[in-house]
Amino acid sequence: MDEEIILEYFPSEHEDAHEDLLSKANFQKVAIVCMREQQARLAAETIRSRTGADVIIVSSMVAGLETDRALSCDVVLFVWLATTHAVFRAFDDFDRKKLCYVQGTGVASIIRSLERWSIEQLNLDEL
């Protein structure tokens, strides 16, 4: 078989490789607001490895030092189902463009929410 037919059925790895959006997102600090510490910790490890950002976890039940630190982040991943109303109120004056709502409570939900948020931010910047 000639090279053209081989490439048609077995494309090279370079053609299938996709670019990791998070590695190019240029995050400095990311916060995960979630009382489910194990899921938040695993998501933080993944985000840290893909972005190089400092990732903090807010797992308290009330506003305080943890929420104050989160207010200075590039993005706050807010896991709605695993937080309290008191913590949510700490973000009343926070820039809503930097608040990313996480629908689920698992690691994949947290990471995918950040990916979707990043895509939306890129699209807004292009407008």
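The values are calculated or read from the model by the stated rules, or taken from the named source; none is laboratory data. Because the structure is predicted, anything quoted here is derived from the model rather than measured. Note: ideal-geometry Cβ built from the backbone for every residue, glycine included; neighbour counts use all protein chains shown. These area figures cover heavy atoms from the full protein model, side chains too; ligands, DNA and RNA do not enter into them. Shrake-Rupley method; radii C 1.70, N 1.55, O 1.52, S 1.80 Å.
Can we say Thr105 is in contact (Cβ under 8 Å) with a residue 60 or more places away in the chain, touching a Leu at 6+ places or on another chain (Cβ under 8 Å) and open to solvent by 20 Å² or more (accessible area, probe 1.4 Å)?
Working: in contact (Cβ under 8 Å) with a residue 60 or more places away in the chain: yes; touching a Leu at 6+ places or on another chain (Cβ under 8 Å): yes; open to solvent by 20 Å² or more (accessible area, probe 1.4 Å): yes.
Yes: the conditions hold for Thr105.
Looking for something of a type in the set (Asp, Glu), at pLDDT below 95, open to solvent by 30 Å² or more (accessible area, probe 1.4 Å) and out of contact with any Leu (no Cβ under 8 Å at 6 or more places or on another chain) - is there at least one such residue anywhere in segment 113-125?
Taking every residue of segment 113-125 in turn, at least one turns out to be of a type in the set (Asp, Glu), at pLDDT below 95, open to solvent by 30 Å² or more (accessible area, probe 1.4 Å) and out of contact with any Leu (no Cβ under 8 Å at 6 or more places or on another chain).
Here's the yes/no breakdown for (1) surrounded by fewer than 17 Cβ atoms within 10 Å (Cβ to Cβ); (2) more than 25 Å from Ala25 (Cβ to Cβ):
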residue: Ala53; (1), (2): no, no
residue: Ile56; (1), (2): no, no
residue: Val62; (1), (2): yes, yes
residue: Arg69; (1), (2): yes, no
residue: Val75; (1), (2): no, no
residue: Val79; (1), (2): no, no
residue: Ala82; (1), (2): no, no
residue: His85; (1), (2): yes, yes
residue: Arg89; (1), (2): yes, yes
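If a residue has to be modelled with pLDDT under 80, farther than 17 Å from Gln121 by Cα and either among the aliphatic types (A, V, I, L, M) or loosely packed, with under 10 Cβ neighbours inside 10 Å (or both) to count, how many in segment 1-35 make the cut?
Number of matching residues: 17.
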